[in-house]
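Just so you know, all these numbers are worked out from the coordinates, no wet-lab data involved. All values derive from a computational prediction rather than experimental measurement. Cβ sites come from the backbone with ideal geometry, for glycine too, and all protein chains shown count toward neighbours.
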Amino acid sequence: MPVIEVQDGAVAISGRPVLRGIDLCVGRGEFVALMGANGSGKSTLVRALTGLRPLSRGAITLFGTPLEDFHEWHRIGFVPQRSGAASGVPASVREVVSSGRLTRRRLLRPLGATDRRAIDDAIELVGLGDRARDGVSTLSGGQQQRVLIARALAADPELFFLDEPTAGVDLPNQKVLTDALASLKERGATIVLVAHELGPLAALVERAVVMRDGRVAYDGEPIPDHAVHEPWLGEAHGHHHHARHESAHEHDHAPHVRSPLEGRP
Amino acid sequence: MTPVELFSEPFMQRALLAALFTGLAAPVIGTYLVQRRLALMGDGLGHVAVTGVAVGLLTGYSPTWTAVVVAILGAIAIEVVRERGNTNGDVALALLFYGGLAGGVLLTGLGGRRAAELQQYLFGSITTISDGDVVVTMVLAALVIVVGVGLSPQLFAVAQDPEFARVAGLRVRFYNLIVAVLAAVTVTVAMRTVGLLLVSALMVVPVATSQQLTRSFRATLVAAMALGTLASVGGLVISAFASYQATVAPGPTIVLLSLAGFVITWPLGVWLRHRARLRRPFADEAPDEHTVSDHDHDHGPGCGHVAVPHDDHVDYVHDGHRHAPHGTHYDEH
């Protein structure tokens, strides 16, 4: 039984078709890299897979359950695309990571011994054991990204979605991230990772899915970072593609809002 | 009247109770608002509640209850605009600010009431609070504290990162609505204590003060509650004693005392953060070349130079240089 299955998936944002004709099947234990240029729809696909964006057509099943009936969120770990882990009020590394444990906790119950152990293990795995009590805002960008990964780890999920975990992260931190993901892979977790460039992660990737203009342009063996932008990619699938690179008027697909009630997401 | 007599007066005891509960409850919800970077939401709701009070004065219903209802409607409106309009939460707040205040003043005039009547809600009149109002204040404040503290793991996660919270299976919209409604309730609770125009100060200033010194969310929340209580009860007591000499209103005294706390802790926070920055470990690796520093000062604990961990040893910052002990001399790092 595949962990993720998408059949003829399409997503429209504010009426504008963004993803279309997506067919994807990810098996247990696979390490998939979703690649593509800015605005190619790779983040949108992950947002659709996690239920943050509704499909306008087609169907998604996770662990054999249709997404709309899926409630076992503790089996999913999500690392959103973010610039940092800080907010308006100080929060310690431990507190941020603890919020990842909420999927396994019931309302109004304090943290149990199992919860604490899982939280400590997650912090240890990303190499921040000595910073657990420090405020997240005092950490570097790369360390904050590691905190977000530890938060996703805390619930012991089987399926991970990571949206650009290495964007803006320096090489030493990318290596720590890679080590953490390698140990997840050893545990048998399924990992779907959005990346602009793979860097040290390339050694782990077993399968590359390249998005272009909202379609899957390539799905198969890992390919080098620069090949993602080659015009020939995807020709084998019979689609007609222009060798079009990012142009100035292209945004990510977030609608640009001009008045308070306009631009419903 | 001696101070003992003053504090044994029933009106003063009612005022003390109201101040205690308001001071404890307001920073709870203030912490979540500051975390969402919505520190001014309390002000927006305060202005909306002015209309609510005016509706009460016009219709003859209790202004406390009409204010609760109108403030909750305003809070839901802000939440809807925030959710639909992505980034324009501040514009929505501004619209409600003006609409709420203008509506309140207009309705008060229509009802033939004098502005002075509205004034006790705008700037608070804790010493004229009635028995029934004290009970309502205590019950609503207790509700805010129980929900705000009890659901703190969920509310923290939702405010910290809504998208993550949604994928974690939390009902983000529901929790956002809880915060909005609790904020509206808090505004009405604090209305009698510090007044609608100063409500937000009691929600936000203790949080701003406590986060100067804290590193974790829980510590910030608890410290803010303590500071809020200290400010509201302390401000009331100060104004009671000061009233022997001059006319001192409790509401502004509470707010100014709270602000004084911030003014005192702010430099302390700046200094603590500065110190933490100086002592943050150097991340780079020790240089391969071996440059000997030539000076006869003995570095060590308490030598007066900032000691910073570096790899497996300690560097001492000396006149802008980094000295690492090596045998009997120091290396430049």
Could you please state, rounded to a whole Å, how far the C-alpha centre of segment B:115-193 is from the C-alpha centre of segment A:91-158? 28
For the residue pair B:Tyr98 and A:Ala202, what label-to-label distance in nm results when each label sits 7 Å from Cα along the Cα-to-beta-carbon direction? 5.7
Got the relative contact order for segment B:151-244 handy, in percent, Cα pairs under 8 Å and 6 or more residues apart? 14
Please build a GNM for chain B, connecting alpha carbons under 10 Å apart, and tell me which residue among B:Gln120, B:Gln245, B:Gln35 fluctuates the most. B:Gln245
More than 36 Å apart: what percent of Cα pairs in the protein assembly as shown qualify? 49
Apply 1/(1 + (r/R0)^6) to the Cβ-Cβ distance of B:Met1 and B:Gln119, taking R0 = 35 Å, and write down the FRET efficiency to the nearest 0.05. 0.85
Using a Förster distance of 35 Å, the FRET efficiency for B:Ile76-B:Ser8 (Cβ separation, nearest 0.05): 0.20
Quick check: from the Cα gyration tensor, does segment B:35-153 come out rounded (a/c under 1.5), prolate or oblate? oblate
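So between A:Lys175 and A:Asp69, what do we pick up on full extension, going 0.36 nm a residue minus the alpha carbon distance?
Taking A:Lys175 through A:Asp69 to full extension adds about 34.4 nm, to one decimal.
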Using just the helices of chain A, give the 222 nm mean residue ellipticity in deg cm²/dmol: DSSP H runs with n ≥ 4 each add -39,500 (n - 2.57), and the total is spread over all residues, rounded to 500. -6500 deg cm²/dmol
So for the pair A:Ala113, B:Val91, with labels modelled 7 Å out along Cα→Cβ, what separation do we get in nm? 5.6
Any chance you could check the Cα centroid distance between segment B:293-320 and segment B:202-256 for me, in angstrom? 42
Spatial extent of chain A: Rg and Dmax, with the Cα atoms as the point set, Å: 18.7, 56
Give me the percent relative contact order of chain B, please, defined on Cα pairs under 8 angstrom at least 6 residues apart. 22
How far apart, in nm, are two points set 7 Å out from the Cα along the Cα-to-Cβ line at B:Arg275 and at B:Cys303? 2.1
Out of B:Glu83, B:Glu289, B:Glu117, a Gaussian network model of chain B with alpha-carbon springs under 10 Å gives the largest mean-square fluctuation to B:Glu289
With an 8 Å cut-off on Cα pairs and a minimum separation of 6 or more residues, tell me the relative contact order of segment A:45-168 in percent. 39
Of B:Ala260, B:Ala201, B:Ala67, which is the most mobile in a GNM of chain B whose springs link Cα atoms less than 10 angstrom apart? B:Ala260
Within segment B:240-267: backbone nitrogen closer than 15 Å to the B:Leu213 label point (7 Å, Cα to C-beta): B:258-267
For segment A:34-97, which GluC sites (Glu not before Pro) pass both filters: DSSP loop (anything but H, G, I, E, B) and at most 15 other C-beta atoms within 10 Å? A:Glu72
For segment A:202-217, Karplus couplings with θ = phi - 60° (6.51, -1.76, 1.60), whole Hz, Gly/Pro x: 3, 5, 8, 5, 9, 8, 10, 10, 9, 9, 8, 6, x, 10, 7, 9
Computed over segment A:20-91, Kirkwood Rh from alpha-carbon pairs, angstrom: 14.5
Taking chain A as the reference, fit the longest principal axis to its C-alpha atoms, fit the long axis of helix A:171-186 to the helix C-alpha atoms, and give the angle between the two in degrees, 0 to 90, nearest 10. 90
